[in-house]
1. Applying the selection to the stretch 708-732, what residues are in a helix (DSSP H, G or I) and open to solvent by less than 50 Å² (accessible area, probe 1.4 Å)?
2. Restricting to the stretch 435-454, what's the tally of residues that are surrounded by fewer than 19 Cβ atoms within 10 Å (Cβ to Cβ) and not small (Gly, Ala, Ser)?
3. Within the group Ala715, Ala689, which residue is small (Gly, Ala, Ser), touching a Ser or Thr at 6+ places or on another chain (Cβ under 9 Å) and touching a residue at least 12 places away in the same chain (Cβ under 8 Å)?
4. Specify the residue that is most open to solvent (accessible area, probe 1.4 Å); the eligible residues are those in the stretch 212-223 that are in contact with a strand residue (DSSP E or B) (Cβ under 8 Å, 6 or more places away or on another chain) and not small (Gly, Ala, Ser).
5. Could you look through the stretch 360-386, keep only residues that are within 18 Å of Pro250 (Cβ to Cβ), open to solvent by 70 Å² or more (accessible area, probe 1.4 Å) and part of a loop (DSSP other than H, G, I, E, B), and pick out the one that is modelled with the lowest pLDDT?
6. Closer than 25 Å to Ser42 by Cα, within 21 Å of the chain's Cα centre (by Cα) and open to solvent by 10 Å² or more (accessible area, probe 1.4 Å): does that describe Ser399?
7. Just to be sure I understand the filter: pairs with C-beta atoms under 9 Å, separated by 6 or more residues or on different chains, first member in the stretch 507-522 and on the phi > 0 side of the Ramachandran plot, second member open to solvent by 80 Å² or more (accessible area, probe 1.4 Å). Which pairs pass?
8. Within 26 Å of Trp405 (Cα to Cα), among the charged types (D, E, K, R) and at pLDDT 80 or above: which single residue out of Arg286, Arg276, Arg332 fits that description?
Amino acid sequence: MQASHSAFKKENPLGMDAMSSEEYASQSKLMQEFTNVPSIESAWLFKSNNEDRSTAMFSISQPDLLANNKRKYILHSHIVTHGTMPLECHWSPFPIEMTRVSAVVPSPSGSKLLVVRNREKGSRTRLQIVNQSHVEKEIHVDQSIHGPLYTDEWFQGISWNHEETFIAYITEQPPQPKPAFNDAGYRKEISSEEDCNSWRGQEDWEEDWGETYSRKGRPSLFVLDIASGEVRAARGVAKSMSVGQVVWAPPSSSGHQKLLVFVGWLEHNGFQGTARKLGIKYCSNRACSLYAIHSPFEEPNADNASVSGSESVSASVAINLTPGMGSALFPRFSKDGKLLVFLSSKRAVDTGAHNATDSLHRINWPSDWKAEQQLSVADVVPVVMCPQDGCFPGLYCSSMLSDPWLSDHCTMVLTSTWRSTEVILSIDVLSGEVTRISPQDSDYSWSTLAISGNNVLSVSSSPIDPPQIRYGCQASSTEDHDGRCAWVWDEVTSPLTAASDKVKALLSDHKLSILRIPVPDPSDELSDGGRLPFEAIFVSCEDSSQKPTVLILHGGPHSTSVSSYSKSSAFLASLGFNLLIVNYRGTLGYGEEALQSLPGKVGSQDVQDCLAALDHVIKEGLVDASKVAVVGISHGGFLTTHLIGQASERFAVAAARNPVCNLSLMVGTTDIPDWCYAVACGTEVRRLASESPSLDHLRIFHQKSPIAHISKVKAPLLMLLGGADLRVPMSNGLQYARTLRERGGEVKTIMFPEDTHEIDIPRSDFESFLNMGVWFKKYLKES
């Protein structure tokens, strides 16, 4: 018996019993089915000489668990339209893997392709110019010139000029030379060659932009001359500025000026205006402006200089185009070059909320702009404070296509959050008219992939339906209820997003609904928007009232859960769980007043909203109140650990991913200490915020933290932590888990040493949700 027991232990390194081991094996096979489904990262549409025919190019990715990274592919499809006849799609037989490719960017005409290969730090960056038959040019850029290109969703900016002769991009500034020492002491002469008889010292420490940007060089602007292969840094950008989202301005009427427009973030955004970079990922409240500067390949000359002798853009100085705006993002020039349109997160900057309702603005761009000319900014879409029922709730855009324009030069197409869904909007930037062009009767989420002429390539999905590619156009013969030409969305048959037959079968009995939840006991102090109903996305099994339910809570708190496909949610649903995904007040997509109702009230208002949503489905007879699990990441983990403490009898089991458990500990270790003040004390306390919190503030932080309720916790807790998380460092979760264990609670902690806040490295993502599924199955069966 002893030998048998030892053999079992040897085969089960996790120390599981036989039943758990079987569950682990079964669920891992199921999870692999979901992992095999590829994701569409981006797409481009190219028109041919035949108006009825276009080519779509898709960049797709798929987790590679063995290599622990993502495979990237390119796949093409020819799309043929025949009036009212069904759409025809002819796909290339196989995708082409893009090994070690960081980004691909087609030229404006679609005749060339930039392929970026970022190597490890210390190696050369490779830039390839590919035409339709071969590699036309390959440029190797030494690390002494610049580091890897930024290809993230925030700083990234890769832009071809109109003539396709130059490419501007954002890259890491080269590191400063480090001091050298040998056995005789400091070496004044520094050689770039390796020398075994000396070593490099450390340079001055420099702040970075926090989560996921650790050890990255300052985002800087460079331009490539394709013909010569020469790379130059932009001149006149302040050393205290980080640069991103660059675009070329349209050619001037004289043909002389070659201007670049970019977003610039000044680095003095710490408390009391100190020189600190606060974390920028997921944080649109970092002040920024649009700037213009000459291409480094254009020499200043007398014709372009200001006659008055005042500062001129031709003097290689970055000129602020949006002074006083506080925020300006995603600059886009209209196709005719007459308009410069940009998004603004001014409300987030002004209030301190880390995300808030966006606004859209327009500058009429002169054909021969001089720096001394003041450019007036016009409002296109203002912030919506309190939307009427069923009406446009405001703009909530986390990105924008590089070419978002329809063929009339004044209508742009954006993806935006609309309550619990993502929708596609068309915006007339001259009149400010906003139209929802994705189907209004759909609970699915829709997102734009690419635009060509008046055709829009998009994707639609739901929590239980994998993404489906759609091809949209206006039907002149059909009008919507407002008398405008309606949009028709044809389904594109695609090998890309076909889930496995097993996955489809497991999800086929589930249903999707979006529930409106009344605000529980609204106080007189609440704004009108703060009194409006919030929502929950409900994914129900067949006979849902007899099945376990998982309460899923998003982070932020000023983020959102939309009704789009998620591998992790679909996996949990396939295990036979109902999903109740709550968009509590403070969520994006419901108007600014509802969002601003939460700061200063975390741990109470958001907790009550989650319990109200759960009460609602119980009262309607949709779920079994004795079989409820709860899970969340970040602020969702904050709510998870609050709920199992404040309402300990209501949850059978819980899982928390990088949760905020103790604000008084987090404030001194996170890359966003201002967030702690905003959520706990309200946005008005910013002027009192400090890197060294007062005792009163520390007391408030502790009172509003889950750790204040830990003595009441009964539910077994699975704690999933990223060892490289700078947003909510692992010390927060470890302190809570250790304290819970100290008090006799049941807790299991899994650490992913290399992961940041999202825990999204392929193996870590796989293992975290696999362990969650096994953990929930075990304790929901027992309940």
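1. Ala708, His709, Ile710, Ser731, Asn732 - these are the residues of the stretch 708-732 that are in a helix (DSSP H, G or I) and open to solvent by less than 50 Å² (accessible area, probe 1.4 Å).
2. 7
3. Ala715
4. Checked the stretch 212-223; the qualifying residue most open to solvent (accessible area, probe 1.4 Å) is Lys216.
5. It comes out as Gln373.
6. Details: closer than 25 Å to Ser42 by Cα: yes; within 21 Å of the chain's Cα centre (by Cα): yes; open to solvent by 10 Å² or more (accessible area, probe 1.4 Å): yes.
Yes.
7. So the pair list comes out as Asp521/Gln608.
8. Arg332
The values are calculated or read from the model by the stated rules, or taken from the named source; none is laboratory data. What you are looking at is a predicted structure, and each value in this text was computed from that prediction instead of being measured. Cβ sites come from the backbone with ideal geometry, for glycine too, and all protein chains shown count toward neighbours. All accessible areas refer to the heavy atoms of the entire protein, side chains included, with ligands and DNA or RNA removed. Shrake-Rupley method; radii C 1.70, N 1.55, O 1.52, S 1.80 Å.
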